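Remarks on the structure that follows.
Every number here is computed from the coordinates shown, using simple stated rules; none is lab data. All values derive from a computational prediction rather than experimental measurement. Quick reminder, even Gly has a Cβ in these numbers, built from the backbone with ideal geometry, and neighbours come from all protein chains shown.
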């Protein structure tokens, strides 16, 4: 019995030594820890998030949400960070916060996090991308800010938001479009597909021409792509070479071409003759773009 007790004490001592030598949790590892409890916080104690990526809120949507909150309460809690005392700063949920004020609430349910400004920015951007109905330009801005201000690589960003790298690249390309076209996306005059097609046009003047034509004639994405391939001409088959026009390709091949364009985040051409021979052409703008595409090819 004595030996068994000594053995037990020895094991406990060994485990105690191991626990004593283990490093203490680092602050950085817990700054983003989400509280398991939901607290009711007074609206007067919540400051607006200065890093909020969304800047425009539809008044009608806010009113409809306010009516819903007035009837059912705020179902999805907002997320805030503690500023000390009884003061908090919004991380995500500004639309819900505004609607709650319109609904006449005095307090709202909230998750409380602890985060520095950079951590707060990252959380705000990621949560808004995932949970809010941002338009394509707002999503693109959020992606770019995550890359620039949070020092995230495309691979890290892909992991954060659960999107593949080609999707992220397609969004970011929208930021190179002229302001009037970006505004067209935000106003739902054109879709993400239209904007992506316009982003593949290098000449800004042509981009604007195609944009106005799309809005005026309410062109579909496919019609816009055919317009771009034709250089602005509505007539099809004007070229004597079947390789110079994508409209001569079977619909299955056109779908594959579009999928490849999405994957690589750039314009992809497929040239194919009647015998089935041809080639893929993947376009790039500079060495950095070339290396980015090369990395995707290597991954696949």
With no solvent and one point per C-alpha, what does the Debye sum give as log10 I(q)/I(0) for segment 254-300 at q = 0.19, 0.25 Å⁻¹?
-0.63, -0.93
Can you sort 95, 145 from fewest to most other Cβ atoms within 10 Å of each residue's own Cβ?
145, 95
Enter the Cα centre distance for the pair segment 92-113 and segment 119-170, rounded to the nearest angstrom.
24 Å
Cα-based Rg then Dmax for segment 39-115, in Å, read 11.9, 35
Percent relative contact order for segment 254-300, counting Cα pairs under 8 Å at least six residues apart, stands at 26 percent
At a Förster distance of 35 Å, what's the computed FRET efficiency of residue 217 paired with residue 175, Cβ-Cβ distance as r, to 0.05?
0.85
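If neighbour count is taken as other Cβ atoms inside 10 Å, put 101, 277 in order from fewest to most.
Values: 101 16, 277 8.
Placing the least packed residue first, the sequence is 277, 101.
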